[in-house]
Amino acid sequence: MLFGCRTAPVPPDVLEADLQEQDLRGAGASLFAAQEHSAYLSALKTARETLRSESLKLGWFRDYGRVRRDFAAVIRAGNTLRSTVQSVVAGRSAAVAEAAETVRRRLRTLDGLTLSIVERGEARKKLSRAALALAEADALVAGKAFEAASAKIKAASALAAEAERVVVSHISRYLDPDQVRSWKQSAEETIAESRRRGITAIIVSKLERRLSVYKSGNLYRTYEVGLGFNGLADKRYAGDNATPEGRYTVVRKIPSSLYYKALLINYPNDEDRRWFAREKARGTIPRSASIGGDVEIHGGGQDSLTRGCVSLDNGKMDELFALAAVGTPVTIIGTMELENYVIKAIRDN
């Protein structure tokens with residue numbers, strides 16, 4: 001009769017709890033819900049002790065009813081813990097993603113600015129490093145290493161701030177209202193001269209990469225233009241790749257030049273020479289430097305990078321060449337717009 005009795009089977013809840021424990025460990029429960037996970041492990045330990053106590057009995061005396069109840073309670077607690085961990089992970093992921101996106105928006109703005117102002121130096125390097133840090137942060141988030149990801153995002157933000165400082169120093173004149181008003185006055189005086197004398201005049205706005213043609217004081221044509229690597233800076237000496245600023249005139253029309261057709265302007269004019277002599281005496285310009293010259297408005301394409309000249313697509317250069325004459329006023333300024341896109345980008349960044 002004794003040999004006919006069957007040993008009560010171990011409840012399936014025991015195996016389910018074992019698998020659940022492994023799952024919760026892999027989900028990072030100890031990291032994202034430490035207190036709840038500690039309570040869960042304590043309950044699981046108690047359930048396993050109950051199981052061990054019952055397993056020490058002879059088979060036909062074992063009663064797994066309490067074991068089943070204890071493990072069922074553990075599984076319910078584990079399911080709740082799993083939901084808590086998922087909620088915490090989702091919240092942390094969202095917070096880190098939002099922080100990363102804020103930095104990405106800043107990088108996109110600065111990237112556009114550096115491309116627009118043809119900045120190929122320190123700012124671009126810092127932006128590249130910041131983008132790499134964000135990519136590393138994405139990989140860390142995928143592995144739920146949120147603290148390490150946050151550190152990478154913080155580093156990317158710091159690099160973006162450094163890049164912005166470089167950009168601002170490069171274009172600080174365009175953020176100065178007094179300087180912009182001075183440029184605007186020069187342009188307005190040129191337009192007034194065009195109106196008064198009934199002549200054609202050219203205004204080049206470097207920031208907007210725009211050349212405007214006025215006839216008798218009225219806007220007649222606008223063209224997109226290209227500048228050099230250092231085009232937004234005011235020319236200081238030969239070889240600095242900057243485009244000069246000031247009021248000039250066309251002194252020669254060149255129907256066939258190295259860059260298609262060209263209009264040579266009278267840089268350096270008397271004002272440029274006086275400024276150059278004064279700054280050289282002060283030591284702000286290298287003693288061996290010369291003032292430079294041969295600044296043109298020429299063809300070759302608006303995307304060509306010049307060494308201080310202003311370039312247009314050849315078809316547009318044909319039009320401009322026909323409109324201009326020797327003696328045509330050419331005023332080159334930074335911008336006429338007090339609320340220019342650089343100011344808006346930096347302010348909104």
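In the chain, a dipole from Cβ-located charges (positive for Lys and Arg, negative for Asp and Glu) runs towards its positive end, and of GLY293, VAL167, SER55 it is GLY293 whose Cα lies farthest in that direction.
Computed extension gain for LEU58 through GLN179, at 0.36 nm per residue and net of the alpha carbon distance, reaches 33.9 nm. Pairwise inverse Cα distances across the chain, averaged and inverted, put the Kirkwood hydrodynamic radius at 26.1 Å.
If R0 is taken as 45 Å, the Cβ-Cβ distance between ARG252 and LEU132 corresponds to a FRET efficiency of 0.35.
What accessible area per residue comes out for the stretch 214-349, rounded to a whole number of Å², with a 1.4 Å probe? Working shown, then result.
Numbers: 6830 Å² over 136 residues.
Result: 50 Å² of accessible area for each residue.
Amide H to amide H, with H built 1.01 Å from N, THR249 comes under 5 Å of ASN266, VAL330, counting only residues 5 or more places away or on other chains.
What the Cβ-Cβ distance of ARG25 and LYS344 gives, at R0 = 56 Å and to the nearest 0.05, is a FRET efficiency of 0.65.
Think of each Lys and Arg Cβ as +1 and each Asp and Glu Cβ as -1; about the Cα centre, that makes the dipole of the chain roughly 280 debye. The stretch 301-332 and the stretch 79-135 have Cα centres lying 41 Å from one another. Annotation: extensible slack from GLU224 through GLU122 equals 34.0 nm (criterion: 0.36 nm per residue apart, minus Cα-Cα distance). In the stretch 192-305, one over the average inverse separation of all distinct C-alpha pairs is 15.4 Å, which is the Kirkwood hydrodynamic radius.
Largest first and in whole Å, the equivalent-ellipsoid semi-axes of the stretch 254-295 read 28, 11, 5, each the square root of five times a Cα gyration tensor eigenvalue. Here the translational diffusion coefficient of the stretch 1-157 follows from Stokes-Einstein with Rh set to the Kirkwood radius across Cα pairs; for 25 °C and 0.890 mPa s it amounts to 126 µm²/s. Legend: calculated FRET efficiency, VAL10 to THR102, from the Cβ-Cβ distance at R0 = 45 Å, rounded to 0.05, equals 0.25. In this structure the stretch 33-147 gives 56 Å² per residue of accessible area when probed at 1.4 Å with all protein chains present. Summarising the overall dimensions of the stretch 242-324 from its C-alpha atoms, the Rg and Dmax are 14.5, 44 angstrom. Considering only ALA95, THR222, ASN269, and ranking their Cα positions along the charge dipole of the chain that arises from unit charges at the beta-carbon of Lys, Arg, Asp and Glu, the one farthest toward the positive end is ASN269.
Scanning residues 5 or more positions from ARG221 or on other chains, those with amide H under 5 Å from its amide H are VAL213, with H placed 1.01 Å from N in the peptide plane.
Using the rule -39500 (n - 2.57) for each DSSP H run of four or more residues, divided by the residues of the chain, the 222 nm mean residue ellipticity is -19000 deg cm²/dmol. Whole-Hz Karplus values for the stretch 285-298 come out as 10, x, 4, 7, 6, 10, 6, x, x, 6, 8, 10, 9, 9 Hz, taken residue by residue from phi with 6.51 cos²θ - 1.76 cosθ + 1.60 and θ = phi - 60°; glycine and proline positions read x. Shown for the chain are the DSSP H helices of 24 Å or more along their axis, judged by Cα atoms, with a mean Kyte-Doolittle hydropathy of at least -0.5: 65-116, 122-142, 146-170. Shown for the chain: the carbon plus sulfur share of the solvent-accessible area, taken with all protein chains present and a 1.4 angstrom probe, equals 52%.
The values are calculated or read from the model by the stated rules, or taken from the named source; none is laboratory data. Small disclaimer: the values here were computed from a predicted structure and weren't measured. No Cβ is skipped: glycine too gets one built from the backbone with ideal geometry, and neighbour counts run over all protein chains shown. Only protein heavy atoms, including side chains, enter the accessible area calculation; ligands, DNA and RNA are left aside. Shrake-Rupley method; radii C 1.70, N 1.55, O 1.52, S 1.80 Å.
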